[in-house]
There are 2 protein chains.
Amino acid sequence: MERVAIIGASMTQFGQREEEWITDLLAEASIECLEDAGVDTDDVDHLYVSNMTSGEFEGQTGVMNALVHDIGAMPAYTQRVDQTSASGGAGIFAAWQSVASGASDMTLLVGGEKMTHRSTSETTDIIASVTHPVEYKTGVTLPSFAGLTARHYLERFDAPRESLGKVAVKNHKNGVDNPHAQFQKEVDLETILESPIVADPLRLYDFCPITDGSAALMFCPESVAQEHTDEYAVVSGVDGATDTQVVHEREDPTVMGGVVESGEGAYEMSGLGPEDVDVAELHDMFTILEFLQMEGLGFAEQGEAWTLVEEGDTERDTGSLPTNTSGGLKSKGHPLGASGVAQGVEIYEQLVGEAGPRQVDADVGLCCNVGGFGNCVITTIMEAAK
Amino acid sequence: MERVAIIGASMTQFGQREEEWITDLLAEASIECLEDAGVDTDDVDHLYVSNMTSGEFEGQTGVMNALVHDIGAMPAYTQRVDQTSASGGAGIFAAWQSVASGASDMTLLVGGEKMTHRSTSETTDIIASVTHPVEYKTGVTLPSFAGLTARHYLERFDAPRESLGKVAVKNHKNGVDNPHAQFQKEVDLETILESPIVADPLRLYDFCPITDGSAALMFCPESVAQEHTDEYAVVSGVDGATDTQVVHEREDPTVMGGVVESGEGAYEMSGLGPEDVDVAELHDMFTILEFLQMEGLGFAEQGEAWTLVEEGDTERDTGSLPTNTSGGLKSKGHPLGASGVAQGVEIYEQLVGEAGPRQVDADVGLCCNVGGFGNCVITTIMEAAK
């Protein structure tokens, strides 16, 4: 079977986009991605929109149909892909399937969310609707799961609280060089450790922000890619996997089964292993999640990811596995449906040498997008074309 | 490339399901489909959930993750497929892609919606959120588009009002023999023509009802199907296509571009034409839509579908192209995300000889699922295995 290539990428400014609605954001990223890929709108066969919840946030559904109309892509087929906060990763999987199955020779994937116009309590209600109803009704939100997990991790593995803070320091530092990031500023460890407690032991700076934004990728068969460009990436591995919806049913709270299973699937498909990965984008919605994904994906033994962070192994310019060079969800922002696509945008740009001041030396990149509190996870491995 | 087979099907009772929520309905259809296909839950690789709007109807998102948990299918990958009222057809396309791409060897597709617990005005608001905001804010709902289109059709093609009523008579008659249909009763032409006006010239019985329900199909490669059963169907053609989101921008209000384009794609893929189709399930959300699809899919010339209905060509037991043998959306009901899957269930059962009193002689079947007012349409062609 022919390999599936990525030939273009884009992302809008992430942050508070007061003037734009979801359809504006999706159109902005789409048009930029078409230009980046050098593809005419008429040549798009399929258009997948990763979006969790425009109906709840804006009272508008059918945004994929509106987008096709707005950019004049009719009669391109379109579908909305929802896998909660991993909708972007699910979109990568869907776009890959559309090309690999032969159904489409040119698939535009656009992820986006518009969130900042709603109050914090409304936003919490909407996001918490992804959890099991019993969990939310008894007051267990996603941040509280993160706090419980972090407490358990720190005590069980004798990890210092500072190691979590250093994830935030690193990702904020990387975000300074990302012109599309919501926060382009460094934050020092002291500020993080003294910020308000949200879910003990996690504090404000252990959490990603609420964000508006959109990101896009263009997929096609490798033979078609070669007609457009010499610089492209291929998706050599992609898989998704679920864990229990009810978090307390998991045997070990520090093991995210969806991360482990999707990672194994992606490694098997690509014929690569964790030792081959040169750069990674992990789903740092909460700092503790970066540890759990490093361990679930085989970059560290269980209970040891914090030591790699302490030793600088995940630093962009000096580490052996630069992680979240984009700034991660932590600094770049987390517009739900866009985030998994934006992870792919960063890996693509690193592989084709378009990451500017964030550029690292990389032939293989990985992204891991987590839905809910690990309810479903998608892992994607990309390689620079050779 | 190996053909994609369907080896099992199920649907729940459609209607007002007061005791069940969306996750209950999805689980019910899933478990029945697993049993019908003779597949263990552990063997499911991918699980696609066609659902338009559980977040708006029930305040619960992430229903695909809840379903995987409820039926114990972890670590199966799951994603929610939304293409408005064509979410079920989009699910067929997604499930087909998952198998055809090699990503999954066993894909369970489940479509469902829970709607009847909300008031009529709330339901109208939720459904109308699929249209262009300008259309809905100026009062043009989906039923009003149907009324405008019907008036235009009847006058332009000199068709009698009774011909629309005869679509409803036929589909109600077929629904009597479908034990899962919401309405298992005949309705005579006089009752239809004297029912309350909803959107002139269309009356109450020209519209499908609001419905709770779920339906499921099991997809796998043909070689895997042959390990399970001798009786299966293959998806030999499937395609989706969009038309303008803003309905008034279309050149001809009686031509649904999405129907035409998706039909052409499905015919081309299957190597078949309209003359080869033995049985069809069309999206009769409004009676006028059955005419537009018959014409868009090449079963009738433009402006002539009504004559075929008048002549009995679409009758189940005597017609040359039995249409909506299941009872259609009109009688069976229209739980948004379930409807396209339920169309597939009927065609599958007709092809494998499990349609009971509704059975017709068929080797090739087609279903057409319409999103919004033709904003996006998916057409699927299935054949009995040979």
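The values are calculated or read from the model by the stated rules, or taken from the named source; none is laboratory data. Keep in mind it's a predicted model, so treat the numbers as computed, not measured. Cβ: placed from backbone, ideal geometry, glycine included. Neighbour counts: every protein chain shown.
So that you can scan it fast, the table gives a plain yes or no per residue for (1) farther than 30 Å from B:SER104 by Cβ; (2) without any contact (Cβ under 8 Å) to a residue 40 or more places away in the chain; (3) in contact with a Gly (Cβ under 9 Å, 6 or more places away or on another chain); (4) outside the structural domain of B:GLU19 (by TED's automatic domain parsing):
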position: B:GLU227; (1), (2), (3), (4): no, yes, no, no
position: B:THR242; (1), (2), (3), (4): no, no, yes, yes
position: B:MET256; (1), (2), (3), (4): yes, no, yes, yes
position: B:GLU268; (1), (2), (3), (4): no, yes, yes, yes
position: B:LEU272; (1), (2), (3), (4): no, no, yes, yes
Out of curiosity, is A:LEU108 more than 7 Å from chain B (Cβ to nearest Cβ), touching a Cys at 6+ places or on another chain (Cβ under 8 Å) and within 28 Å of A:GLN226 (Cα to Cα)? yes
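If you check B:THR131 against the conditions, is it crowded, with 24+ Cβ neighbours inside 10 Å, at negative phi and out of contact with any strand residue (DSSP E or B) (no Cβ under 8 Å at 6 or more places or on another chain)?
Working: crowded, with 24+ Cβ neighbours inside 10 Å: yes; at negative phi: yes; out of contact with any strand residue (DSSP E or B) (no Cβ under 8 Å at 6 or more places or on another chain): yes.
Spelling it out, B:THR131 is indeed crowded, with 24+ Cβ neighbours inside 10 Å, at negative phi and out of contact with any strand residue (DSSP E or B) (no Cβ under 8 Å at 6 or more places or on another chain).
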Sole exception among (1) away from chain B (no Cβ under 14 Å); (2) closer than 13 Å to A:HIS283 by Cα for A:VAL370, by number: (1)
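Kindly check whether there is at least one residue in region A:334-341 that is crowded, with 24+ Cβ neighbours inside 10 Å, in a loop (DSSP other than H, G, I, E, B) and within 14 Å of chain B (Cβ to nearest Cβ).
Initially, region A:334-341 is screened for residues crowded, with 24+ Cβ neighbours inside 10 Å, giving A:334-341.
Applying the additional criterion that residues be in a loop (DSSP other than H, G, I, E, B) yields A:334-335.
So of that shortlist, the ones also within 14 Å of chain B (Cβ to nearest Cβ) come out as none.
No, region A:334-341 contains no residue that is crowded, with 24+ Cβ neighbours inside 10 Å, in a loop (DSSP other than H, G, I, E, B) and within 14 Å of chain B (Cβ to nearest Cβ).
Would you call B:MET1 closer than 23 Å to A:SER101 by Cβ and either within 14 Å of chain A (Cβ to nearest Cβ) or not in a helix (DSSP H, G or I) (or both)? Step through it out loud before you land on a result.
Details: closer than 23 Å to A:SER101 by Cβ: yes; either within 14 Å of chain A (Cβ to nearest Cβ) or not in a helix (DSSP H, G or I) (or both): yes.
The answer is yes for B:MET1.
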Test of understanding: among B:GLY38, B:GLY91, B:GLY72, which residue is crowded, with 22+ Cβ neighbours inside 10 Å and not basic (Lys, Arg)? B:GLY91
Residue count for region A:246-263, restricted to those that are over 18 Å from the mean Cα position of the chain (by Cα), surrounded by 18 or more Cβ atoms within 10 Å (Cβ to Cβ) and within 11 Å of chain B (Cβ to nearest Cβ): 1
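Yes/no matrix, rows are residues, columns are (1) in contact with a helix residue (DSSP H, G or I) (Cβ under 7 Å, 6 or more places away or on another chain); (2) within 12 Å of chain A (Cβ to nearest Cβ); (3) surrounded by fewer than 22 Cβ atoms within 10 Å (Cβ to Cβ):
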site	(1), (2), (3)
B:ASP200	yes, no, yes
B:LEU204	no, no, yes
B:ASP212	yes, no, no
B:ALA216	yes, no, no
B:SER223	no, no, yes
B:GLN226	no, no, yes
B:GLU231	no, no, yes
B:VAL238	yes, yes, no
B:THR244	yes, yes, yes
Please go through region A:44-61 and pick out each residue that is modelled with pLDDT of 95 or more and small (Gly, Ala, Ser). A:SER50
Kindly indicate the residue of region A:116-149 that is over 21 Å from A:ASP243 (Cβ atoms), more than 9 Å from every other protein chain (Cβ to nearest Cβ) and among the β-branched types (Val, Ile, Thr) and also farthest from the chain's Cα centre (by Cα) among those meeting that condition. A:THR120
Mind checking whether some residue in region A:24-43 is at positive phi, outside any strand (DSSP E or B) and modelled with pLDDT of 95 or more? yes
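Let's see how each residue does on (1) touching a Pro at 6+ places or on another chain (Cβ under 8 Å); (2) without any contact (Cβ under 8 Å) to a residue 60 or more places away in the chain; (3) not basic (Lys, Arg):
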residue: A:VAL4; (1), (2), (3): yes, no, yes
residue: A:ILE7; (1), (2), (3): no, no, yes
residue: A:GLU20; (1), (2), (3): no, no, yes
residue: A:GLU28; (1), (2), (3): no, no, yes
residue: A:ILE31; (1), (2), (3): no, yes, yes
residue: A:THR41; (1), (2), (3): no, yes, yes
residue: A:SER50; (1), (2), (3): no, no, yes
residue: A:THR53; (1), (2), (3): no, no, yes
residue: A:GLY62; (1), (2), (3): no, yes, yes
Can you go through A:ASP239, A:ASP177 and tell me which one is part of a strand (DSSP E or B) and of a type in the set (Asp, Glu)? A:ASP239
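Hey, could you check region A:342-363 for residues that are of a type in the set (Val, Ile, Thr) and surrounded by fewer than 22 Cβ atoms within 10 Å (Cβ to Cβ) and say which is farthest from the other protein chains (Cβ to nearest Cβ)?
Within region A:342-363, the first condition is being of a type in the set (Val, Ile, Thr), and the residues that meet it are A:345, A:347, A:352, A:360.
Next cut, surrounded by fewer than 22 Cβ atoms within 10 Å (Cβ to Cβ) only: A:352, A:360.
Numbers: A:VAL352: 24, A:VAL360: 30 Å.
For region A:342-363, the residue satisfying everything is A:VAL360.
When the residues of region B:47-69 are narrowed to those that are at the interface with another protein chain (Cβ under 8 Å from one of its Cβ atoms) and under 16 Å from B:LEU34 (Cα atoms), which ends up nearest to the chain's Cα centre (by Cα)? Steps first, answer last, please.
Of all residues in region B:47-69, those at the interface with another protein chain (Cβ under 8 Å from one of its Cβ atoms) come to B:52-53, B:55-56, B:59-62, B:64-66, B:68-69.
Still in the list and also under 16 Å from B:LEU34 (Cα atoms): B:68-69.
Values: B:VAL68: 24, B:HIS69: 27 Å.
The residue in question is B:VAL68.
In the set B:SER98, B:SER121, which member is of a type in the set (Gly, Ala, Ser) and at pLDDT below 95?
Numbers: B:SER98 fails: at pLDDT below 95.
Of B:SER98, B:SER121, the one residue that is of a type in the set (Gly, Ala, Ser) and at pLDDT below 95 is B:SER121.
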Of the numbered conditions (1) over 22 Å from the mean Cα position of the chain (by Cα); (2) at the interface with chain B (Cβ under 9 Å from one of its Cβ atoms), A:GLN83 fails exactly one; give the number of that condition. (1)
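Any residue at all in region B:363-377 that's over 17 Å from B:SER87 (Cα atoms), part of a loop (DSSP other than H, G, I, E, B) and of a type in the set (Gly, Ala, Ser)?
Here is the first cut: in region B:363-377, the residues over 17 Å from B:SER87 (Cα atoms) are B:363-365.
Narrowing the set further to residues that are part of a loop (DSSP other than H, G, I, E, B) leaves B:363.
Filter once more, so that each one left must be of a type in the set (Gly, Ala, Ser): none.
Taking every residue of region B:363-377 in turn, none turns out to be over 17 Å from B:SER87 (Cα atoms), part of a loop (DSSP other than H, G, I, E, B) and of a type in the set (Gly, Ala, Ser).
Would you mind finding the one in A:GLU186, A:GLU162, A:GLU155 that is within 27 Å of A:GLU249 (Cα to Cα), at pLDDT 95 or above and assigned by TED's automatic domain parsing to the domain that holds A:THR307?
Values: A:GLU186 fails: within 27 Å of A:GLU249 (Cα to Cα); A:GLU162 fails: within 27 Å of A:GLU249 (Cα to Cα).
Criteria check complete, one pass: A:GLU155.
Look at A:GLU113 and say whether it is farther than 18 Å from A:GLY374 by Cβ, within 14 Å of another protein chain (Cβ to nearest Cβ) and either of a type in the set (A, V, I, L, M, F, W, C) or buried (at least 19 other Cβ atoms within 10 Å of the Cβ) (or both). Before the answer, list the steps.
Values: farther than 18 Å from A:GLY374 by Cβ: yes; within 14 Å of another protein chain (Cβ to nearest Cβ): yes; either of a type in the set (A, V, I, L, M, F, W, C) or buried (at least 19 other Cβ atoms within 10 Å of the Cβ) (or both): yes.
In short, yes.
Here is a list: B:LEU289, B:LEU321. Which entry is aliphatic (A, V, I, L, M), outside any helix (DSSP H, G or I) and either modelled with pLDDT of 95 or more or outside the structural domain of B:ASP177 (by TED's automatic domain parsing) (or both)? Write out each step before concluding.
On the way: B:LEU289 fails: outside any helix (DSSP H, G or I).
Answer to the check: B:LEU321.
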